[in-house]
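The values are calculated or read from the model by the stated rules, or taken from the named source; none is laboratory data. Computed from a predicted structure; not experimentally measured. Just so you know, the surface numbers come from the protein's heavy atoms only, side chains and all, with ligands and any DNA or RNA stripped out. Shrake-Rupley method; radii C 1.70, N 1.55, O 1.52, S 1.80 Å.
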Amino acid sequence: QELMDVEVKGGPPRPHWYESHVQPCVAELLGSALFIFIGCLSVLEDAGGTGRLQPALAHGLALAVTVAVLGDI
C-alpha cells in the first residue's frame, strides 16, 4: 500500500506545433513587413524641411508598435 502513495509528476505541457513553429514565423513576417512598409512610405512623401527626422521617427514608431503588439510571441 505504501507503493501507491508515490506521486506521478508530469512535465509541463508541450506547446502545440502551431505555437512553437508557425506563430513565431508569422509574427516575424508581419513585424518585418510593417517595419519595411512604414519606413519606405516615410521616405516617399518628403514634406520638405524634415530631412532625416521623418524617416527616423517613422522607423522608431513602427518598431515600437511591432514590439508592443508582437513582443510576447
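Observations on the model:
- Extension gain, residue 44 back to residue 14 (0.36 nm per residue minus Cα-Cα distance, nm): 6.2 nm
- Sequence of 41, 70 when ordered by accessible area, the most exposed leading, probe 1.4 angstrom: 41, 70
- Extension reserve of the residue 27-residue 64 stretch, reckoned as 0.36 nm per residue once the Cα distance is removed: 11.9 nm
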